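The values are calculated or read from the model by the stated rules, or taken from the named source; none is laboratory data. Just so we're clear, the structure is a prediction, and the values are computed from it rather than from any experiment. FYI the Cβ positions are ideal-geometry reconstructions off the backbone, even for glycines, and counts take in every protein chain you see. Keep in mind that these areas ignore ligands, DNA and RNA; they rest on the heavy atoms of the full protein, side chains included. Shrake-Rupley method; radii C 1.70, N 1.55, O 1.52, S 1.80 Å.
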Amino acid sequence: MSTKKIFFADLDGTLLNSQKIITPLTRKALDNFVAAGNYFAINTGRGLDSAKAVRNELGLDYNRMFLVAFNGAEIYDCDKAVDIYRTGLSLDLVPEIFAIAKKYGIHCQTYRDDAIITADNGEAMQFYNRVIHTPIVITDDFVKELPEEPCKILAIELHDLEALEAFRLEIMAQFGDRVNTIYSHPTYLEIIPIEAGKGTAIGKLCDILGIDVKDSISAGDEQNDISMIEAAGTGIAMANATDIVKASADIVTKLDNDHDGLAEYLESFVS
């Protein structure tokens, strides 16, 4: 097994500050970590196109870098420019889940490589796309717009969180043997294949690279980060993380994502 380490970082609220950038001190620590021969993986709930866009915008052109997208449903090797793992939701689930969302009045969207697929472009869609900026396809025939099984469905409810939780419970009651549901934000419910998850992706990528899981480090701030915080050899919760995330971590940073909370810990892992 390799003696090198691998760092898995969530983006929003963790590696990125409130302005969606990596501040100089955190960037220097990350540069030093990778320069020592270690691996780096963005581990995000965002789609692969969005993860690639962030990488390009921030100039993260490291060797030995990977993008874990859709909460662990897709792993992309940046050096080789290919997927090394991908799983998806069965196409028959897509219209059924969208129909249940409609019953609750909840916005639902899914993804292909180049676009978001949804039935409407209302308030929730506009709220989401203020940051993500992915092209949108509006349709009632979701399956027709999907060339392959989608990696996830995202439900968004900006006002009635009780309705969102009721929707989640119905999805799990009907499809709990096929999907996992997890909140990436109080208003965002991720629906992913049961075999996916940020924590599962850590095990898969470590196995592919021949890295002992004990030499993996992960950092996050929201509920969908808990599985990777628990799966990694060292799990870090940000000072700005929710209490349930902090309770799952080995380390809670002293400072938040707006004050270089990750920097000192990344530096401590440089060998």
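Overview of results
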quantity: Members of the range 252-271 that are part of a loop (DSSP other than H, G, I, E, B), of a type in the set (G, A, S) and over 14 Å from D10 (Cβ atoms); calculated: S271
quantity: Enumeration of residues in the range 172-181 that are open to solvent by less than 70 Å² (accessible area, probe 1.4 Å) and over 16 Å from I106 (Cβ atoms); calculated: G176, N180
quantity: Criterion violated by Y188 - all others in (1) open to solvent by 50 Å² or more (accessible area, probe 1.4 Å); (2) hydroxyl-bearing (S, T, Y); (3) closer than 22 Å to R168 by Cα satisfied; calculated: (1)
quantity: Residue among I191, I226 that is hydrophobic (A, V, I, L, M, F, W, C) and touching a residue at least 60 places away in the same chain (Cβ under 8 Å); calculated: I191
quantity: Checking L169 against (1) surrounded by fewer than 15 Cβ atoms within 10 Å (Cβ to Cβ); (2) assigned to a strand (DSSP E or B), the condition it does not meet; calculated: (2)
quantity: Condition check for A35: out of contact with any Pro (no Cβ under 7 Å at 6 or more places or on another chain), among the small types (G, A, S) and buried (at least 16 other Cβ atoms within 10 Å of the Cβ); calculated: no
quantity: Which listed residue, of I211, I217, I194, is out of contact with any helix residue (DSSP H, G or I) (no Cβ under 6 Å at 6 or more places or on another chain), among the hydrophobic types (A, V, I, L, M, F, W, C) and open to solvent by 50 Å² or more (accessible area, probe 1.4 Å); calculated: I194
quantity: Tally of residues being of a type in the set (A, V, I, L, M, F, W, C) and under 22 Å from T44 (Cα atoms) across the range 147-192; calculated: 12
quantity: Residues (open to solvent by less than 60 Å² (accessible area, probe 1.4 Å) and either part of a helix (DSSP H, G or I) or without any contact (Cβ under 8 Å) to a residue 24 or more places away in the chain (or both)) located in the range 235-251; calculated: G235, A237, A239, T242, V245, S248, A249, I251
quantity: Which numbered condition D225 fails, given (1) open to solvent by 30 Å² or more (accessible area, probe 1.4 Å); (2) under 15 Å from the mean Cα position of the chain (by Cα); (3) of a type outside the set (S, T, N, Q); calculated: (1)
